[in-house]
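Taking it in order: structure first as structure tokens, then the write-up.
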């Protein structure tokens, strides 16, 4: 093979670049066409379900809130918003920092107001335990909230001081985007059935525990009665032995032996009469 001249190598390189540019343009065109198709599908979906578009466009429905109970219970008035709240729609990650305006005896965290799946939930203060109130724990670290108003109770401290700062981060994935998917609907129905079954099983377990507790109390009362009967029997046995010992002492005494002829004479007298 002959060596190419610099001009020929340059023309070959330009031809390669032009070919790559044409391929890139074709790929971009196909990608733009696909985006247009998806946008049309999304518009069709929102036309059939207008309430979904309203919810997706409402930032208030996906904004996290911290409820604090200063001694009068939770209320919409006693809430804290995070001024640095960030929601990355690309990966669903939420970060926020709250500062308590006054001391509180209880805290409740609401990640949003839509049914959703929460993942990688992390609180800045490891003294605080976050218990999902109306969520279903999934395998791993996911929590599924099937109803509106998902929330966590924050536990682990007797009192939360004023000025306390609490940072939180988590993945937030609303379920409304999947509501029209038949497969998701089937899975959701299965999860809801599982949740109802678990509630029924828990009630059954609670009833069994109550029955077991009642039976234990009955057994404890019977054991107490048995113990009291054993104690009474022991006392009667001791009294019987004391009487037997007293009788033996009388029968073996010298006075009893000396009065034997007299007792026999009295016995004969009674028989004769």
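Worth pointing out:
- Leading residue by the ranking (nearest to residue 167 (Cα to Cα)) among those in the stretch 94-123 that are part of a loop (DSSP other than H, G, I, E, B) and at pLDDT below 90: 112
- Test: residue in the stretch 68-77 that is on the phi > 0 side of the Ramachandran plot, in a loop (DSSP other than H, G, I, E, B) and either modelled with pLDDT under 70 or loosely packed, with under 11 Cβ neighbours inside 10 Å (or both): yes
- Close pairs from the stretch 1-24: first surrounded by 10 or more Cβ atoms within 10 Å (Cβ to Cβ), partner at pLDDT 70 or above, Cβ under 9 Å, at least 6 apart: 4/12
- Qualifying positions in the stretch 83-93 - in contact (Cβ under 8 Å) with a residue 40 or more places away in the chain and either part of a loop (DSSP other than H, G, I, E, B) or under 24 Å from the mean Cα position of the chain (by Cα) (or both): 91, 92, 93
- Selection count where residues are assigned to a helix (DSSP H, G or I) and in contact (Cβ under 8 Å) with a residue 24 or more places away in the chain, scope the stretch 128-180: 2
- Considering 150, 161, the condition of being assigned by TED's automatic domain parsing to the domain that holds residue 81 and under 18 Å from the mean Cα position of the chain (by Cα) is satisfied by 150 alone.
The values are calculated or read from the model by the stated rules, or taken from the named source; none is laboratory data. Since this is a predicted model, take the numbers as computed values, not measurements. A quick note on method: Cβ atoms are made from the backbone with ideal geometry, for glycine too, and the neighbour counts reach across all protein chains shown.
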